[in-house]
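Derivation of every value follows stated rules applied to the coordinates shown; laboratory data play no part. None of these values were measured; they are calculated from a predicted model. Don't worry about glycine lacking a Cβ; one is built from the backbone with ideal geometry, like all the others, and counts go over all protein chains shown.
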Amino acid sequence: MVGVVAFVILGTLFVEEAAGNKPDILNRYSPPTIAQPFGTDQVGRSILIRAIYGGQISIAIGILAVAISITLGSFVGLISGYVGAWVDSLLSRMTEALLSIPPLILLLVLSSALARDSSNITVLGREMSNTVVIVVMLIGLTSWMQLSRIVRAQVYSLK
């Protein structure tokens, strides 16, 4: 994991993103060489540069989705365990109901429903599709339930 993070962060010091988007039709599907260590794709773009900048987006999606999941799961678990009574019962039933829905199906249905507008947004100087934001939110909002149950149990044991 450390190697991948170092690869995507340090790689930006040596190459620019624009170079990874530049097509070179004469060098389509070229194998790895000294100039192109990972080779090129169907329009001649460098796979190495695209892996560096694509890896940054993938790591950002993972970190943000986990942050949302931890925040929401901890909050629901703390409230449920600390308050108890009918609040605990309500939050526990809600959590169990959400756990019964297969997450992949939920992600596919929600992403297709929410991704109607395909406009781009700019985050920290990088332009990306709004579907990236939707995917981050959906992953974070559909993966908090297990953590909530663990936090609830820990709060009950400490209480």
request  = Mind pulling the angle between the C-alpha long axis of helix 47-83 and the longest principal axis of the chain? Nearest 10 degrees, somewhere in 0 to 90.
outcome  = 10
remark   = Rounded to the nearest 10 degrees, the helix 145-158 long axis (Cα) sits at an angle to the longest Cα principal axis of the chain of 40
query = What's the angle, to the nearest 10 degrees (0 to 90), between helix 103-114's Cα axis and the longest principal axis of the chain?
reply = 70
task = Run the quick spin-label model on Ile63 and Ser111: label points 7 Å from Cα toward the beta carbon, then report their separation in nm to one decimal.
result = 2.1
message = Run the simple label-point estimate for Asp24 and Ser119 please: 7 Å along Cα→C-beta, distance reported in nm.
response = 3.7
inquiry  = Can you compute the radius of gyration and Dmax for segment 2-158, using only the Cα atoms, both in Å?
reply    = 21.3, 70
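With n ≥ 4 as the cut-off for DSSP H runs, can you work out [θ] at 222 nm for the chain, using -39500 (n - 2.57) per run divided by the number of residues, rounded to the nearest 500?
Working: 7 runs with 104 residues, N = 159.
Helices in the chain give a 222 nm mean residue ellipticity of -21500 deg cm²/dmol.
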Contour minus Cα-Cα distance for Met137 and Thr71 (0.36 nm per residue) = 22.5 nm
message = Across segment 79-159, what fraction of all alpha-carbon pairs, as a whole percent, falls in each successive 5 Å bin from zero upward?
response = 3, 14, 18, 16, 13, 12, 11, 9, 5, 1
Contour excess over end-to-end distance, with Cα ends at Leu13 and Ala97 and 0.36 nm allotted per residue = 25.5 nm
